[in-house]
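Working notes, structure below.
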There are 4 protein chains.
Amino acid sequence: MIYGERAIENPIRWAMVGGGRGSQIGYIHRSSALRDFNFELVAGAFDIEAERGKDFGVNLHVNPERCYPDYLTMFEREAEREDGIQAVSIATPNYTHYEICKAALKAGLHVVCEKPLCFTVEQAEELESLAKEHNRVVGITYGYSGHQLIEQARHLIANGELGDIRIVNMQFSHGFHNVAVEENNPSTKWRVDPKFAGPSYVLGDVGTHPLFLAEAMLPKMKIKKLMCSRQSFVKGRAPLEDNAYTLMEYENGAVGMVWSCAVNSGSMHGQKIRVIGEKASIEWWDEHPNQLTFEVQGKPVRILERGMGYLCEEALREDRIGGGHPEGLFEAWSNLYRRFALAMKEADQGKQVDFWYPDIHAGVEGVRWVENCVRSADNGAIWVEYK
Amino acid sequence: MIYGERAIENPIRWAMVGGGRGSQIGYIHRSSALRDFNFELVAGAFDIEAERGKDFGVNLHVNPERCYPDYLTMFEREAEREDGIQAVSIATPNYTHYEICKAALKAGLHVVCEKPLCFTVEQAEELESLAKEHNRVVGITYGYSGHQLIEQARHLIANGELGDIRIVNMQFSHGFHNVAVEENNPSTKWRVDPKFAGPSYVLGDVGTHPLFLAEAMLPKMKIKKLMCSRQSFVKGRAPLEDNAYTLMEYENGAVGMVWSCAVNSGSMHGQKIRVIGEKASIEWWDEHPNQLTFEVQGKPVRILERGMGYLCEEALREDRIGGGHPEGLFEAWSNLYRRFALAMKEADQGKQVDFWYPDIHAGVEGVRWVENCVRSADNGAIWVEYK
Amino acid sequence: MIYGERAIENPIRWAMVGGGRGSQIGYIHRSSALRDFNFELVAGAFDIEAERGKDFGVNLHVNPERCYPDYLTMFEREAEREDGIQAVSIATPNYTHYEICKAALKAGLHVVCEKPLCFTVEQAEELESLAKEHNRVVGITYGYSGHQLIEQARHLIANGELGDIRIVNMQFSHGFHNVAVEENNPSTKWRVDPKFAGPSYVLGDVGTHPLFLAEAMLPKMKIKKLMCSRQSFVKGRAPLEDNAYTLMEYENGAVGMVWSCAVNSGSMHGQKIRVIGEKASIEWWDEHPNQLTFEVQGKPVRILERGMGYLCEEALREDRIGGGHPEGLFEAWSNLYRRFALAMKEADQGKQVDFWYPDIHAGVEGVRWVENCVRSADNGAIWVEYK
Amino acid sequence: MIYGERAIENPIRWAMVGGGRGSQIGYIHRSSALRDFNFELVAGAFDIEAERGKDFGVNLHVNPERCYPDYLTMFEREAEREDGIQAVSIATPNYTHYEICKAALKAGLHVVCEKPLCFTVEQAEELESLAKEHNRVVGITYGYSGHQLIEQARHLIANGELGDIRIVNMQFSHGFHNVAVEENNPSTKWRVDPKFAGPSYVLGDVGTHPLFLAEAMLPKMKIKKLMCSRQSFVKGRAPLEDNAYTLMEYENGAVGMVWSCAVNSGSMHGQKIRVIGEKASIEWWDEHPNQLTFEVQGKPVRILERGMGYLCEEALREDRIGGGHPEGLFEAWSNLYRRFALAMKEADQGKQVDFWYPDIHAGVEGVRWVENCVRSADNGAIWVEYK
Ligand SMILES: NC(=O)c1ccc[n+]([C@@H]2O[C@H](COP(=O)([O-])OP(=O)(O)OC[C@H]3O[C@@H](n4cnc5c(N)ncnc54)[C@H](O)[C@@H]3O)[C@@H](O)[C@H]2O)c1
Ligand SMILES: NC(=O)c1ccc[n+]([C@@H]2O[C@H](COP(=O)([O-])OP(=O)(O)OC[C@H]3O[C@@H](n4cnc5c(N)ncnc54)[C@H](O)[C@@H]3O)[C@@H](O)[C@H]2O)c1
Ligand SMILES: NC(=O)c1ccc[n+]([C@@H]2O[C@H](COP(=O)([O-])OP(=O)(O)OC[C@H]3O[C@@H](n4cnc5c(N)ncnc54)[C@H](O)[C@@H]3O)[C@@H](O)[C@H]2O)c1
Ligand SMILES: NC(=O)c1ccc[n+]([C@@H]2O[C@H](COP(=O)([O-])OP(=O)(O)OC[C@H]3O[C@@H](n4cnc5c(N)ncnc54)[C@H](O)[C@@H]3O)[C@@H](O)[C@H]2O)c1
């Protein structure tokens, strides 16, 4: 149970790149990082438009002098300060992640980076090496994975309650982009343009989320082959897809499916994962995150609720309010940022944490999956060896 | 609204082959056919074991003399009677359908045949020709398709409420065969043996059901290509699969997916269909058949309930009880058998009905789909032209 | 499992009073009685308008000569026949039940009577005596109580799985009469007129249904005191109520609540029962009758599904199709009519059945409850001793 | 949309009384107040045990000198500081609220007080006067009422979409205290002891929550009469109840019901409110707070989702993340604390805010309701005039 007490001695001095006023995902970064004083927002390059970014930063109670016009200036100036930043979060459009992340690591900063980490596995592995070399933490904000019931799922699977895993069905399929909303919406506009979004739209934008849930729940499963079929239903989005099916074969003989979609008319979010074992299945749906379905064949379906005493320790220790009360996405993110803080502190002392979190490797794996999907899709939706 | 009144002047004299005591699907045939006196059960070859079949028939109030040891004898003897049977339902294991159906048609009988109609498209088309030649009705018991809300879905789509159709996601994925239950269960045993089940297990056994729901809702869509990946998780089932994913491309550019599964541990039935259009989606789940979800992008999700005045005429005319009261699978089947009866009566007078029902062509198409799936799967889960 | 085999040697010769074309509840009587040949429809006085009733009867395949203008004539003429009726179902408006039931019992017939049995406890007890005297079965069509999961609930409670029972919350609250639909709807018109409906509207019309579910689940609980507050929201319905709350104290210290309502705008049916014990609760909702929620405090909620092997024997023996497939209201009614048939057959031989069904006593108790509710309500919604 | 920007120029200097380590509700106060820097935690008397409280405060990054042994000392010392506290939140057991709140108001502080405000209407009105006199804000943490969909419900009702309101059904009925957990749980122990809890247990502890939701949605409805029946199922809790039904008549002819319960075995939370009008109903359930059901009679049920463009402005302006993503209880509380901050700032300038929030009057009304319920219950569950 979290009561807001100090997790680390002193809040980490922290800045943001991007996530400015009106951005989709900036606020949840701040709200999660600042919760319980694990981080302290002391600087930022919040916006592509420097003035707007500064105005915004000041409104966030950041010292105006530390509201920078761009990230390079920020890294430079902050490096000169005694009390300069120790960590930075990157919440900008995809195409900037690689450069900003590289610069941050070179500046000796811990990083929290939005997914996708970058555009190619080559870049991703370069960043991974860099992080290792500099002994820096890079957390990736697969935010949903911070929900406590993901821990419970992981625990049930590790405990053998499902038996051998056979099938993993994933989806993230919303309907918000059923028509060309990009014409009037800047947050969508860059997403459907390969220059800014990278080699895929929905595969990277939404598909990688449940993919990482699967990685978190099933850390041992390795993809062997996959095939991906992608479509661009809204004209003008091609070559980027707004719908994709990916089928996968895992090394242990299991199979998986990811349905990534932004044209699923009427669907609110549609992120679900179902892991099917020989004996039982579990299912989780992010729109109702406080419930985990546990279905043992031949027994009544059971609905596990966050916060209840029958859950495993890992699923309980990050609770912030008793069972029955609904927690939401902010708590999931707060859990991740808390783990990032702990990992950063340990890293500073040359140590490692004994819990998992979406780290740089998760970032690399997300990029790898997209790359493999695109390779398959662009070759006629053929099966490709996973590499 | 159906009050039980005469739909046709005189009940059709009817017999069954198979569907004996302990069979899975025999009772629902009888219960549906006999409802409201559209059919009258006057003869039968109910069981592979003649004695048990006779005993059973007598218990069903069938004249003992008309409880036959096998279907050939039945067709022969009944043909000699003034009051001989006019129609026969076939509810035996798959491998017998072709021969029994052929014999029935040649005997001048109308037929209701279980799916799959037979094992190959060639056989299926032969039966289709035969039916045409003899002017006989062949109804196929895709029972779920008789639910009134399938009519409503069809109506909404035809009316353009969804806009252009883009995606059709189907699944029928239960968990009852997660382990080798066939060892002790005769109804499962033949299903996993290619000699008796045909070239597929779950593709034909369950996958064809939602496939036909899609055909009923979307009569104009034609499959162009498909790929199928199938697995046999329970040892000893190979070459027959207990799990399969089929991806499809339709001629109009839409895509589809069918997940067929019998090892989905803990799932009760898992038959669902979601049709996604440019503007809206509809979703139906057979475990809660009285509700149809209608989701217009940007509007609150709407839940349409069977029996309500806001539904289209076609969705209301087969109601048997007011909205709110739950109808179930028996009503869906009763609707089909009612349509079969009407179609048989019209056919006898050289006429055709002006409503749809799962007819011999639906039977052919189910066989075709399985054949294409198997061809894809057996060639390494490659994309194949649909033929 | 029911396969349609003979439950009794010969179908019971059966007639209906009321339940004519366009009536709400007539068809489900026929469909349930005729299923599996436990009854045979041989006569009827189906309609208040004799001609329409005859025309309807003929359409139901009843011999025109046995389509009678009124029930008295029917009882008289049928008594003269060798093959005269043995049982009759009464599906007419409330005010006629007492007279018709009395006449039927005096004519030596078994009866299936719609609820409410009559208007006063005095009348009800008179009918009960009459039934006893003539050794006739009177079944009451609390149709929902025939669902197999009601057996499971009863079983769990009897088995002590809930611990001591503390609270019983019931409701039947639909919205179909939110405005004065009676102006155009004959089926509603008589319901809101005390001459035809009796001393209550929703209490008797809907409230008695979940009340009987409670009686079926909790045969030992006795009401000690109650208070009822009733309202007539739609003008012109007073003194009959379209909404009522009834609070109850049981002799064992438990409490109960029934919410009866016909103005619950937007609600489809809203029949629910929740039984709360010291250790666990069960909940059942008639709109999704194939699921029973079983909630043990401190354990994950479990959803029990009809047809599954983990249910008790009583909950399985009336299944007609495997678990997963939805059964509906027709099966629940069919179960009751089957039990009625068995009970009638045994009664004819001076024997009694060893299973429960809603019998004349259930009818009496329903009338008693309404009478007590009205007495409370009409005295200012005060607590009254139950009598 | 909230991006975390300054809502008021400077964070309000704020302290807590109670809410210490291990307390149920302390953390959500802090997490909500501190979010977005509307408040700054600078002092506290967090615990009945001074040492533990100090240790805890320090861990919350509070200056050790400002971690006080008790609230009186705190109010005194802080009053002496330039930078002394401006507001205080009271999260202690019920019996202390009156004294602490009075002291705080007399010390010129704004207050956030837990419900119930105090034990008697007399006390409550005294506090109300005091607040008025000192021009201080007193916010009451009916936390669920801060959910944005409560605004939407209020809006739909005010807009006449439901028509005249007829019925309001409320419940808060969990199962966590089905047995005498108080024996081992200090947070429950005081709740069932009238010295510490006041004249009621569940009525005040849970029942007042949905009651306030109704007040928020239906600001014009006034209770005229009520009756309350309460029970103590777990021995040793009497005279305090662990279950209660309250029936109410409103001045406009509507009726209402509140079911308050802590022995609803297996139920997680069970807070629901259903408002039924002549034309339509709305329903909200706190366990799935992002959905609001809107049911127009004769139309398909509609499910309104938080964050969607079709909602009213008031329901959108406090969103922190897009629709589809789940928000939870913390966001609801954060909304309230934000409104409290705005109201405090305005009050300091002698102004009033133009939005509603649970204020001292809401506190008074909660106490009044409990007082009336207890008066009814203790007189034999009779109807009493509301006063
Ligand atoms: N983890 C998740 O659940 C999740 C959800 C949404 C978005 N994302 C990811 O977050 C990132 C941002 O997405 P978004 O939807 O918030 O985008 P957005 O377009 O809404 O906002 C982008 C913000 O970055 C700023 N920006 C752009 N370029 C910049 C630069 N060079 N320097 C500084 N600021 C710059 C913009 O001014 C804007 O404030 C993307 O990579 C996206 O994939 C992740
Ligand atoms: N439409 C549906 O929803 C649905 C559901 C289940 C089964 N089915 C189909 O129905 C058919 C039967 O399946 P089932 O599960 O009831 O099988 P089952 O094994 O449970 O029963 C088969 C019955 O057929 C009898 N039989 C076998 N060979 C016979 C013969 N030569 N002559 C006469 N009787 C014979 C057996 O004695 C038994 O009574 C299959 O084709 C299956 O695919 C359809
Ligand atoms: N068990 C249930 O779930 C359920 C549901 C609905 C109705 N009911 C009960 O069933 C009864 C009938 O209700 P309904 O809604 O079907 O009514 P309805 O008004 O729809 O139909 C009544 C039928 O009875 C006929 N009738 C009337 N008086 C008659 C008479 N003297 N002789 C012969 N026929 C006569 C009418 O012509 C009509 O066909 C009522 O007592 C009602 O409470 C029970
Ligand atoms: N708004 C809500 O949803 C909600 C939910 C739960 C509790 N509550 C209310 O919050 C209050 C606290 O409930 P809880 O469940 O957190 O109680 P708790 O027993 O869990 O915690 C009470 C805390 O107050 C401290 N305390 C007790 N007396 C004190 C004093 N005189 N000075 C300083 N600290 C003192 C204790 O040490 C403890 O830390 C109650 O009034 C309760 O009704 C409200």
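Give the residue, chosen from D:K102, D:K106, D:K115, that is within 30 Å of A:G328 (Cα to Cα), away from chain A (no Cβ under 13 Å) and either surrounded by fewer than 24 Cβ atoms within 10 Å (Cβ to Cβ) or not small (G, A, S) (or both).
Sole residue among the options that is within 30 Å of A:G328 (Cα to Cα), away from chain A (no Cβ under 13 Å) and either surrounded by fewer than 24 Cβ atoms within 10 Å (Cβ to Cβ) or not small (G, A, S) (or both): D:K115.
Mind checking whether some residue in the stretch B:16-26 is in contact with a Leu (Cβ under 8 Å, 6 or more places away or on another chain) and not polar (S, T, N, Q)? Steps first, please.
First, the residues of the stretch B:16-26 that are in contact with a Leu (Cβ under 8 Å, 6 or more places away or on another chain): B:16.
Filter again for not polar (S, T, N, Q), leaving B:16.
Taking every residue of the stretch B:16-26 in turn, at least one turns out to be in contact with a Leu (Cβ under 8 Å, 6 or more places away or on another chain) and not polar (S, T, N, Q).
So which of D:A153, D:A87 ends up being in the same structural domain as D:E371 (by TED's automatic domain parsing), under 22 Å from D:W356 (Cβ atoms) and of a type outside the set (S, T, N, Q)?
Just a single option satisfies the conditions, and that option is D:A153.
Does A:A377 fit the bill of being closer than 28 Å to A:H134 by Cα, of a type in the set (A, V, I, L, M, F, W, C), part of a helix (DSSP H, G or I) and touching a residue at least 12 places away in the same chain (Cβ under 8 Å)?
Answer is no for this residue.
Sort through D:K222, D:K189 and tell me the only one that's surrounded by fewer than 21 Cβ atoms within 10 Å (Cβ to Cβ), more than 14 Å from chain C (Cβ to nearest Cβ), within 20 Å of the chain's Cα centre (by Cα) and not small (G, A, S).
Step by step, each of D:K222, D:K189 is checked, and only D:K222 is surrounded by fewer than 21 Cβ atoms within 10 Å (Cβ to Cβ), more than 14 Å from chain C (Cβ to nearest Cβ), within 20 Å of the chain's Cα centre (by Cα) and not small (G, A, S).
Considering every residue within the stretch C:280-287, establish whether at least one is polar (S, T, N, Q), crowded, with 24+ Cβ neighbours inside 10 Å and at the interface with chain D (Cβ under 8 Å from one of its Cβ atoms).
yes
Within the stretch A:253-262, how many residues are under 27 Å from A:T141 (Cβ atoms) and in a strand (DSSP E or B)?
6
May I ask you to verify whether D:F37 is within 9 Å of another protein chain (Cβ to nearest Cβ) and crowded, with 23+ Cβ neighbours inside 10 Å?
So D:F37 fails the test.
Is it the case that the stretch A:284-296 has a residue that's assigned to a loop (DSSP other than H, G, I, E, B), in contact with a Phe, Trp or Tyr (Cβ under 6 Å, 6 or more places away or on another chain) and in contact (Cβ under 8 Å) with a residue 24 or more places away in the chain?
There is at least one residue in the stretch A:284-296 that is assigned to a loop (DSSP other than H, G, I, E, B), in contact with a Phe, Trp or Tyr (Cβ under 6 Å, 6 or more places away or on another chain) and in contact (Cβ under 8 Å) with a residue 24 or more places away in the chain.
Residues in the stretch D:361-372: is at least one touching a residue at least 24 places away in the same chain (Cβ under 8 Å) and either within 14 Å of another protein chain (Cβ to nearest Cβ) or not in a helix (DSSP H, G or I) (or both)?
No: zero hits.
For the stretch A:44-61, which positions are within 23 Å of the chain's Cα centre (by Cα) and either of a type outside the set (F, W, Y) or modelled with pLDDT under 95 (or both)?
Residues of the stretch A:44-61 within 23 Å of the chain's Cα centre (by Cα): A:44-48.
If the condition is that a residue be within 23 Å of the chain's Cα centre (by Cα) and either of a type outside the set (F, W, Y) or modelled with pLDDT under 95 (or both), then A:G44, A:A45, A:D47, A:I48 are the ones that fit.
Exactly one condition in (1) within 14 Å of another protein chain (Cβ to nearest Cβ); (2) within 23 Å of the chain's Cα centre (by Cα) is false for A:S376; which is it?
(2)
Can you pull out every residue in the stretch B:46-61 that is within 14 Å of chain C (Cβ to nearest Cβ) and within 14 Å of ligand 2 (Cβ to nearest atom)?
If the condition is that a residue be within 14 Å of chain C (Cβ to nearest Cβ) and within 14 Å of ligand 2 (Cβ to nearest atom), then B:F46, B:D47, B:R52, B:G53, B:K54, B:D55, B:F56, B:G57, B:N59, B:L60 are the ones that fit.
In the stretch A:85-113, what count of residues is obtained for those that are within 15 Å of A:S129 (Cα to Cα) and either touching a helix residue (DSSP H, G or I) at 6+ places or on another chain (Cβ under 7 Å) or not acidic (D, E) (or both)?
12
Within the stretch A:335-360, can you find the residues that are among the β-branched types (V, I, T) and assigned to a helix (DSSP H, G or I)? Before the answer, list the steps.
To start, the set of residues in the stretch A:335-360 that are among the β-branched types (V, I, T) comprises A:353, A:360.
Within the stretch A:335-360, A:I360 is the sole residue that qualifies.
Within the group D:G277, D:G298, which residue is small (G, A, S), over 24 Å from the mean Cα position of the chain (by Cα) and within 8 Å of chain C (Cβ to nearest Cβ)?
Sole residue among the options that is small (G, A, S), over 24 Å from the mean Cα position of the chain (by Cα) and within 8 Å of chain C (Cβ to nearest Cβ): D:G277.
Can you find, within the stretch C:9-24, the residue that is nearest to ligand 2 (Cβ to nearest atom) among those that are away from every other protein chain (no Cβ under 11 Å) and under 17 Å from the mean Cα position of the chain (by Cα)?
Out of the qualifying residues, it is C:G18.
Evaluate the following for B:T92: is it more than 16 Å from ligand 4 (Cβ to nearest atom), under 26 Å from the mean Cα position of the chain (by Cα) and surrounded by fewer than 20 Cβ atoms within 10 Å (Cβ to Cβ)?
Taking the combined requirement at face value, the residue does not satisfy it.
Between a residue in the stretch A:32-43 that is within 21 Å of A:V58 (Cβ to Cβ) and any residue that is surrounded by fewer than 22 Cβ atoms within 10 Å (Cβ to Cβ) and of a type in the set (D, E), which pairs come within a Cβ distance under 7 Å, given they are 6 or more apart or on different chains?
A:A43/A:E78
When you go through D:N243, D:N252 one by one, which is the residue that is polar (S, T, N, Q) and either within 12 Å of D:H147 (Cα to Cα) or within 10 Å of chain C (Cβ to nearest Cβ) (or both)?
D:N243
Here are some conditions: (1) touching a helix residue (DSSP H, G or I) at 6+ places or on another chain (Cβ under 8 Å); (2) crowded, with 24+ Cβ neighbours inside 10 Å; (3) away from chain B (no Cβ under 14 Å); (4) aliphatic (A, V, I, L, M). C:A332 meets all but one. Which one does it not meet?
Single failed check for C:A332: (3).
Given (1) touching a His at 6+ places or on another chain (Cβ under 6 Å); (2) assigned to a loop (DSSP other than H, G, I, E, B), where does B:A332 come up short, assuming only one miss?
Every condition holds for B:A332 apart from (2).
Name, by its number, the condition in (1) surrounded by fewer than 21 Cβ atoms within 10 Å (Cβ to Cβ); (2) more than 11 Å from every other protein chain (Cβ to nearest Cβ); (3) of a type in the set (S, T, Y) that does not hold for C:Y68.
Checking C:Y68 against (1) surrounded by fewer than 21 Cβ atoms within 10 Å (Cβ to Cβ); (2) more than 11 Å from every other protein chain (Cβ to nearest Cβ); (3) of a type in the set (S, T, Y), the one that fails is (1).
Can you tell me which of (1) at negative phi; (2) modelled with pLDDT of 95 or more; (3) of a type outside the set (A, V, I, L, M) is the one A:G160 doesn't meet?
Result: A:G160 passes all but (1).
Restricting the search to the stretch A:137-165, which residues are crowded, with 22+ Cβ neighbours inside 10 Å, more than 15 Å from ligand 1 (Cβ to nearest atom) and either farther than 27 Å from A:G307 by Cβ or without any contact (Cβ under 8 Å) to a residue 40 or more places away in the chain (or both)?
A:V137 - this is the single residue of the stretch A:137-165 that is crowded, with 22+ Cβ neighbours inside 10 Å, more than 15 Å from ligand 1 (Cβ to nearest atom) and either farther than 27 Å from A:G307 by Cβ or without any contact (Cβ under 8 Å) to a residue 40 or more places away in the chain (or both).
The values are calculated or read from the model by the stated rules, or taken from the named source; none is laboratory data. Here the structure is a predicted model, which is why all the values come from computation and not from measurement. Cβ sites come from the backbone with ideal geometry, for glycine too, and all protein chains shown count toward neighbours.
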